[in-house]
Structure formats: structure tokens, C-alpha cells
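**Q** Okay, handing you the structure first.
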Amino acid sequence: MTGKDAALHLGVLAVLLAAFFVLPEYHSGSLARIMVLAVYAMGYNLAFGYTGLLSLGHALFFAAGMYGLALSMQIGGWPALPAFLLALGAALAVAGAVGVLALRTRGVGFMIVTLMFAQAGYLTVLYFGAWTRGDEGFALPQEVRNLFGLDVTTPAGRYFAALALFAVVLLALGALVRAPFGRTLIAIRENEARAAMLGYDVQRLKWIAFVVSGVVSGAAGAAYALLFGYAGATFAGVQYSIFPLLYVLLGGAGTTLGPFVGAVFMFYLIDLSSGITTAYMLVAGLALVLLTLFLPQGILGTLRRRALPWLP
Amino acid sequence: MEFGPHLMLATLEGAVTAAILALTAMGLSVVFGVMRVVNVAHGEFYMLGAVIAWFVASTLGAHPAVGFVAALVIAPLLVGSLAALADVLILQRISYDPERTIVATIGLLYIIQQTTLMTFGPDARPVEAPFNSRIALPWFEFGDGGFALYWPWGLSITSYKLFVIAAAVVILAALWLLMTRTKAGLVMRATQQDSAMAQAFGIPVARVYALVFGLGAALAAMGAVLIVPIQQAHYLMGGDPLLLSFIVVIIGGLGSLPGTVIAAVLIGMSDGIISVFFSPTLAKILATLAVAMVLVFRPQGLMGKSAA
């Protein structure tokens, strides 16, 4: 069981490693972006796919990471590594506080409360426009963007930094959901009352899952700012709360590779359609409706049910 | 202007906001009350109402009043039918599962918004008001000669804005009569209380749901047709009404109709007054956080009954 999982994950990582040397530069650039977005979706998947917490406000944690890094580098003049750690701390603090409050509600209430908190976060970014420059955003200067001497402004540096983060998160979350902790989260998703009756501290476990999910999302946000050198209020908006939901639904909620598969498909779909029309979000809307109607388990979820029951 | 006249002006502007908000939020509240689902695409039905009003008014091209009256009839009908169709094609098939309904209506939101962008375009377009005379308002002062009325410069409102307030009151009263005094309202309330029992008594619950979803969207569209001579029609105009309607419906207690009206007046008025005196962004941040806290600590709403 676990041997197959590990082989699959390592195989995917090996293919991604090789892909850089095979793909033309445009696509390897896109793939670097996709891997960072997939990290965001993997974080989201822990809350939504495994624990059953449908949050509509994860952009708040993505933005906490993004601005934690970008502002400490831009205004504080910090080097990249401490700025990245501060970003994780910012995401941890925000997710911790939001989790305590939002987890008092459930179902539809939880969705609306997370949406509202994220909206307040977005408005806060706009309110402090003197530092964040609001919707327009700001660019990080090229010379400060390096990590352990690795220059992340070059295509290769950017790609391998993204791959490293992706690999760490994939393997760590893959192990986490196989561990008793992850199993308990699935038990909570399937039947919260029963898990509570079996003696699990459901409220605390949900909070931990939510916070880990928020920190991973924050790591993705910080990496996005560092690798692509830009922070803007768009990333705190509703749209960026919807994207990870879309990726996870498309790829398959509660599967380890679903977020990545969903991100690849959706990224290229939106990329292709934005070449044709400015109304590229139409694709996202259609995908959401069609997925809820016809493929509620996503690509890998359906594959797991029909053909490959061992799929992690 | 001095403080007093300024406050009066802010109150009147707030009353216009409150009137439109009451209509829009009522649509959301009726849908939630009867069907127990949250419609995230509600703001887009509002936007669609405004855009259709522009199409109707500019195609007819006759006197502004003709176009306006036609829009007031056509836009809610079209938007309501579209919503009913979406209900049958999408929501009924996922059997109104609360979480999947939200995901599906988010999808619907983008479909409507982006289709409008492709057809109507990214520009904001105005609709001419049917009548729009300026009415100067008096203010009083205690001067040397005792109590006196005077007309301060700038203290005025248009007749159209007064009409908007009156129209909203009439529509809401009609809705109340529909819900409490007619057979259709009785059927809706029966479905709300126990849909399985209603079905057993021969009420076509599926058709009632489609009609209620259409009615909710039509109310939003009416609000939009009324506002479009004041604010222009634009494909992104649905965002703010959606958020404000959420706030109103939550504060008023999900599904409670009188609570919705009271909350709409409260929020609309304070929004108008606060944004005159404070930074609108800060006011929005505080309002959003306050509402989130209400949901966390008093999920039944400030005026709702418990166990909503």
C-alpha cells in the first residue's frame, strides 16, 4: 500500500524534474507557476478534501503569506529566508485566529464566515494602500530575490525552487494523511458525531487541520511573491479563494495528487481561453457547474472509484 | 453646509440605499426561507436586471418613461425565468445539497457575469430617469429673528429618488400580501414549514421551488431597474449588493422577512450616513467583521428566532 503511494509520488516528482529539460521555456515557466498554485490547492485540500471544511476564504492565508514575505522584504529590507519564515508565522497567526472563530459554525455558516473574513482581509489590503499599493501591487526588486544563493529570477532557479517546495509539501501531506491523524480527519469528514462519540477531540483536530491548511496556503503565497516578484490585492480577492476549490474539485477532493492535476488542467484551460476572450472566468464558472452536476468526485476521485482503488 | 443639513442629506441618500437593499435582500431571504439554500449568484441577477433595463430602454428609444416602465416589467420577468430555468437545470439535479448549491451558484455567478462582459461589454451605461426634477429642501435656524426656515444651497433631492423609496415600499407591501393573503403564499409557506408533508398533500414542491427561486431573482432585478437611473449598469455591479444582502439577511435572521426589512433599513441608512463621515473602506471592513462575529456568536441572527 504505502510502497505504491511512495513510488507514485516519487515518480511524479521525477517526471517533473525531467520536464524542465524537455519542455520549451514557456511551458516550464507555466509549470513553475502551476506547482506553486498546486501547493496552495494541496493546503486547501487538507481542510476541504480530508476534513470536510469547505472554506471560501483561503485567499486570506495565501495573502497573509504573500504580504508577510513581500512587505518584510520591501519595507523591512529582510533577506528572503527570514522573510519566508515570517510569512509562515503570519499565515499561522491568521489561520489560528480565524479557525478559532469560524470553526464555531458549520456547513453553510462556515462558508459564509470564512468568505466574510477573507473579504475583510482584502479590504484591509486596500485600506493600507500606502504600503501595499492596493490593486496595482508592487514588484520585488530582482537583486534581493535569492534563497541560499539560488537566484530565483532565472527560469531554472524559479523552476527548481517551485519543485522543491512542491516536493516537500506533497511528501509531507502524503505522509500526514496516511498517519493516524489524517485517518481521524477523514473519520470527522465522514461522520463528525461518530468521531466525537469515539472519543476524539473533534473541535481541536479540525482546528489543527485548518491551521496546517492555512500555513501551507501561506507558504504558497510567500513562494508566489518570491518567485514571480509581485504582490497585489488581486491575490487576496474572492477569485483566489475560489481557485483552490476549483482545482481540488476538478482533480479530486481527498486525493494527494488531485490538487496538482486540477491545477494543471484549469491553468491551461484559463490560459488558452484568455488568449481568445477577456471573459476567461467563464471557463471557471462552467467548470464549477459541470463538476458539481456530473463529476462531484473529480478526475482522480472517479478514477479511484472505477479502476484504481489504491490511489492515494 | 453645516452639520444638520448635511446629516439630513445623508439620511435621505441612505433611505434610497435602504429601499433598494431591502428589495434585493428580500429576494435572497425568500429563497433561503423557503428552500434553505444560499444563492451566491444573487448579485448577478441584480446586475442582469440593470443590464436588461438598459437594453430595453435603448431599444425602445421612446420617451424615457416608456422605456423605464417597460424595463420594470420585462427585466424581472426575464431574470426570474432565467433563475427558474437554472433551478430546474442545476439545483434540482443536485437535490439542493447546501454546500454543492453554493459551489454551483458560484459557477453560475461567473457564467452570468462573464457572458455579460462578452455581450454588453466592460463599459458602464446609463439609463435615463423617467422624471428627474430637483426638489430643494428647507432647513431651520434660530437666528436673531427667532425660528426661521431657509433653503440651504445644495440641500436637495430629486423627485426620482423619492419615487424609488415609494416604489420599494409598494413592492414590499405587495410581496407581504402575496405571502400572507393568497393561495400562492400559503403554498409557499407550507413548503417552507415541511416540504415532505407539503408534497404528501399534493403540492408540486419542485415547481414551487423553481417559482420561489425565480421570484427571489425577480426581486433583485426590480431593485436594479429602480437604481439604474441613479447608478449606471455595469457587468461588475453585482458584488456590493450581494455582500450587503448577505449582511442584511444574516443580521435580520436567515429567512425572517420582517427581520430582513428592519435590517435593510438599519444597514442602508448607516451605510449612507457612515460613508459620508468616515472612510468607506474602513466602514466596510468593520461591517464585514461585525457580521462575521454575529454569525459566529449568534447564528440565528439578531432578530431571528432560535434554531433557524
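Read the figures in this text as sums done on the coordinates, not as results from a lab. Quick caveat: nothing in here was measured; it's all calculated off a predicted structure. No Cβ is skipped: glycine too gets one built from the backbone with ideal geometry, and neighbour counts run over all protein chains shown.
**Q** What residues have an amide H closer than 5 Å to that of B:SER156, excluding those fewer than 5 places away on the same chain, when H is modeled at 1.01 Å from N in the peptide plane?
**A** Placed amide hydrogens put B:LEU137 under 5 Å from B:SER156.
**Q** Distance from the Cα centre of region B:36-90 to that of region A:33-64, in angstrom?
**A** Spelled out, the Cα-based centre of one part sits 36 Å from the other.
**Q** Rounded, prolate or oblate for chain A? Axes are the square roots of the Cα gyration tensor eigenvalues, ordered a ≥ b ≥ c, and the cut-off for rounded is a/c under 1.5.
**A** rounded
**Q** So, one more: Residues of A:273-283, mean number of Cβ from any other protein chain within 10 Å of their own Cβ, rounded to a whole number?
**A** Other-chain Cβ atoms within 10 Å of each residue's Cβ, averaged: 4.
**Q** Another question, if that's okay. Could you name the aspartates and glutamates whose alpha carbon sits less than 15 Å from that of B:LYS284, not counting residues in the same chain fewer than 8 places away?
**A** B:LYS284 reaches B:ASP240, B:ASP271.
**Q** Could you run the Karplus curve 6.51 cos²θ - 1.76 cosθ + 1.60 with θ = phi - 60° over region A:231-239 and give me ³J(HN,Hα) per residue in whole Hz, x for Gly and Pro?
**A** Computed from phi, the couplings for region A:231-239 are 10, x, 5, 3, 5, 9, x, 4, 4 Hz.
**Q** So what is the relative contact order for chain A, in percent, with contacts set as C-alpha pairs under 8 Å and at least six apart?
**A** Here the relative contact order equals 32 percent.
**Q** Continuing with this model, one more query. Hey, if you put +1 on the Cβ of every Lys and Arg and -1 on every Asp and Glu Cβ in chain B, which of B:MET293, B:ALA173, B:LEU242 ends up farthest toward the positive end of that dipole?
**A** B:ALA173
**Q** Quick check: the angle from helix B:280-297's long axis to the longest principal axis of chain B, C-alpha only, nearest 10 degrees?
**A** Here the helix axis deviates by roughly 40 degrees.
**Q** Here's something else I'd like to know. Hey, can you grab everything whose amide H is under 5 Å from the amide H of A:GLY254? Only 5+ residues off in sequence or another chain; H modelled, so Pro and N-termini drop out.
**A** A:GLY49, A:TYR50
**Q** Quick check: from the Cα gyration tensor, does region A:115-157 come out rounded (a/c under 1.5), prolate or oblate?
**A** prolate
**Q** Residues of A:292-301, mean number of Cβ from any other protein chain within 10 Å of their own Cβ, rounded to a whole number?
**A** Rounded to a whole number, the mean comes out at 3.
**Q** Under the rule of at least 5 residues apart or a separate chain, name every residue whose amide H is placed under 5 Å from the amide H of B:ALA233.
**A** Result for B:ALA233 returns B:ARG125, B:VAL127.
**Q** Please identify which residues in region A:161-189 have an amide N closer than 11 Å to a label point set 7 Å out from the Cα of A:VAL15, following the Cα→Cβ vector.
**A** none
**Q** Let me ask something else about it. Among all the aspartates and glutamates, which ones have a C-alpha under 16 Å from B:LYS161's C-alpha, if same-chain residues fewer than 8 places away are not counted?
**A** B:GLU13, B:GLU128
**Q** Here's a follow-up. Please list, in order, the residues from region A:1-25 whose amide nitrogen is less than 14 Å from a point placed 7 Å along the Cα→Cβ vector of A:PHE160.
**A** A:17-21
**Q** Looking at A:LEU123, A:LEU185, A:LEU54, which one has the Cα that reaches farthest to the positive end of the dipole of region A:2-237 (charges on Cβ: Lys, Arg +1; Asp, Glu -1)?
**A** A:LEU185
**Q** A further question follows. In sequence order, what are the phi-derived ³J(HN,Hα) couplings for region A:14-19 according to the Karplus relation 6.51 cos²θ - 1.76 cosθ + 1.60 with θ = phi - 60°, rounded to whole Hz, with x for glycine and proline?
**A** Per-residue couplings from phi come out as 5, 4, 5, 5, 5, 4 Hz.
**Q** For region B:137-142, take each phi angle, set θ = phi - 60°, evaluate the Karplus expression 6.51 cos²θ - 1.76 cosθ + 1.60, and give the result in whole Hz per residue in order, putting x for glycine and proline.
**A** Per-residue couplings from phi come out as 10, x, 9, 10, 8, 9 Hz.
**Q** Let me know the mean shielding of A:251-264 by other chains, meaning the per-residue number of their Cβ atoms within 10 Å of its Cβ.
**A** 0
**Q** Hey, another quick one. At 222 nm, what value in deg cm²/dmol follows for chain B if DSSP H runs of at least 4 each add -39500 (n - 2.57) and the sum is divided by all its residues, to the nearest 500?
**A** The helix-only estimate for chain B comes to -23500 deg cm²/dmol at 222 nm.
**Q** Moving on to the next point. Once each part is reduced to its C-alpha centroid, what is the distance from region A:296-312 to region B:216-244 in angstrom?
**A** Distance between centres, Cα-based: 42 Å.
**Q** Can you classify region A:207-312 as rounded, prolate or oblate using the Cα gyration tensor, where a ≥ b ≥ c are the square roots of its eigenvalues, rounded means a/c under 1.5, and otherwise it's prolate if a/b beats b/c and oblate if not?
**A** oblate
**Q** Place the peptides A:35-45, A:291-301, B:107-117 in order of packing, highest mean first, counting for every residue the other Cβ atoms within 10 Å and averaging per peptide.
**A** A:35-45, B:107-117, A:291-301
**Q** When Lys and Arg each count +1 and Asp and Glu each count -1, what net charge do the other residues less than 13 Å away from B:ILE203, Cβ to Cβ, add up to?
**A** That works out to +2.
**Q** Among B:VAL169, B:VAL103, what is the fewest-to-most ranking by other Cβ atoms within 10 Å?
**A** The order, fewest Cβ neighbours first, is B:VAL169, B:VAL103.
**Q** Moving on. What size of dipole, in debye to the nearest 20, comes out for the protein assembly as shown about its Cα centre when the only charges are +1 on Lys and Arg C-beta atoms and -1 on Asp and Glu C-beta atoms?
**A** 1760
**Q** Only counting other Cβ atoms within 10 Å, I'd like B:TRP151, B:TRP176 sorted with the fewest neighbours first.
**A** Taking fewest neighbouring Cβ atoms as first place, the list is B:TRP151, B:TRP176.
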